[in-house]
Amino acid sequence: MNLIIVPFHDWRKIKKEGFRTRDAHFIESLQQSNRIEKIIIINRPTTLLEIVLKKKKRKIEGRSIFNRNGFQLIEVNPTTYIVDYISKDIYGQIMRKFLWFIDEFSNDKYIDFINECIGKLQICTYNLLSQNVFAHKLISKLNPQKSVFDAWDNFCLIDDYFSIKKQIKQGYVSYSQNVDLWITNSRDNIDYFSKEFNLSEIILIKNGLDVNRFNLNANYRIPKDINNIQKPIVGFGGKITQTINIELLNYAILNNPEVSFVLIGQILDDEIFESIVKLNNVHYLGDKFYDEYPNYVNAFDICLVPYYIEENKKSGTNPIKVYEYLALNKKVIGTNGNGLEDLEGYLYLIHNKKELSNEIKRGIKNEKPKMDFNKNSWQTKTNEFLNLLQ
């Protein structure tokens, strides 16, 4: 089977941070599948300004096969190819922001180049997986045997995209008309998308676990910047965004001064980060490369998923971090929602700030049974996806 993938995150970002997001995990797992012949990854358009400002490498590692006027086809391994597009339209990207990506994904010259690359790789038939709502115009101009849209998280509910909510909805409408099948990562998303876009069926494929990186038999080290932090450590590893319930987290911090709270991850919402009380028992260690991150999770004693459960504050998430926490046999405390209710047998669900604080006070012992991590591996998830195509 040949497969074209349109991920949400661009390849430079994936390589810089590690394969830690849902789209990156799908790519990494599909590369290892013996059911795949060739993978073409259609990279998100970018400009040199974005590359410089976000401190990414301009050159994508691999063998350049074909290039023309900012477009390039790169072989990154014997089965995987990147179609890359560096636009000269820096002014347009600055002025149009998110909307610029919708326009550039549908650039006729980019689409022509993509089709030319398919021909050069001697691919006669292919299936398509898009995980990018901004690429809906591109998808409508390709000709796969079967097409799947992965509607991970709900971009209609994410504050960063509120100003273009109308265009986001238009993207979802376009996918409802131009692909064969939708998959998503949470039941909340199934409910929302089914009603909002009149979809008769959406297949649930939840997030999974990287069983190679997160494994109790691995030889983890203790990083220097966490080694001297007083135990017990209550840890959170993930993006700091609107989904974090600040009231819940701050109450736990204030009422457990003897416990160290360690936060790791990108700050995507400065206001949320500034709202976290910065007492002596709070330690923000920055973002970590994904291959280093398991060492930190292993150093945690208790792991948190302190997310909002109110409908107007959720984003249809199904946290990957939960599976990673559980794989290292940590006591996991999370709010009742965001797909965690399906994992109730393996973690400690709480419904309010007092329950969270009290559960932390009960100590670090994890009395919950272990889940079957192979059934929740990314390889299992991508096999579910491939089965849908066949």
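For segment 316-348, applying the loop criterion from DSSP together with a ceiling of 14 other beta carbons within 10 Å to the chymotrypsin sites (Phe, Trp or Tyr not before Pro) yields no site.
Treat segment 2-205 as a sphere of radius equal to its Kirkwood radius over Cα pairs and apply Stokes-Einstein at 25 °C in a medium of 0.890 mPa s; give the translational diffusion coefficient in µm²/s, rounded to a whole number. Walk me through the numbers on the way to the answer.
Numbers: Rh = 17.4 Å.
So the translational diffusion coefficient is about 141 µm²/s.
Against the chain, whose longest principal axis is taken from its Cα atoms, helix 165-178 shows a tilt of about 60°. Roughly how tilted is helix 187-196, in degrees to the nearest 10 and between 0 and 90, from the longest Cα axis of the chain? Orientation of helix 187-196: about 50 degrees from the principal axis. Taking Cα centre as origin and charging only the Cβ of basic (Lys, Arg, +1) and acidic (Asp, Glu, -1) residues, the dipole magnitude of segment 224-373 rounds to 500 debye.
Here is how the number arises for the chain: DSSP H runs of 4 or more residues each give -39500 (n - 2.57), the sum is divided by the residue count, and the result at 222 nm is -9500 deg cm²/dmol.
Ranked from largest, the principal axis spans of the Cα set of segment 1-100 equal 44, 29, 22 Å.
Only one residue of Ile60, Ile205, Val332 has its Cα farthest out toward the positive end of the dipole of the chain, where Lys and Arg carry +1 and Asp and Glu -1 on Cβ, and that residue is Ile60. Averaging Cα coordinates gives a centre for segment 52-95 and one for segment 134-174; these two points are 22 Å apart. Restricting attention to segment 224-373, close to 5% of DSSP beta bridges with both partner residues there are antiparallel. Taking the C-alpha atoms only, the angle from helix 22-31 to the longest principal axis of the chain is near 60 degrees. Each Lys and Arg contributes +1 and each Asp and Glu -1, all at the Cβ; summed about the Cα centre of the chain, the dipole is approximately 840 debye. Our Cα-only numbers for segment 192-317 put the radius of gyration and Dmax at 17.0, 54 Å. Restricting segment 155-257 to GluC sites (Glu not before Pro) that sit in a DSSP loop and have at most 15 other Cβ atoms within 10 Å of their own Cβ leaves Glu201.
Protection proxy ranking of 9-16, 218-225, by the mean of other Cβ atoms within 10 Å over each peptide's residues and highest first, is 9-16, 218-225.
Each reported figure results from applying straightforward, stated rules to the coordinates on display, with no laboratory input. The shown structure was predicted, so the numbers you read here are calculated from the model rather than taken from an experiment. Positions of Cβ are backbone-derived with ideal geometry, glycine not excepted, and every protein chain shown enters the neighbour counts.
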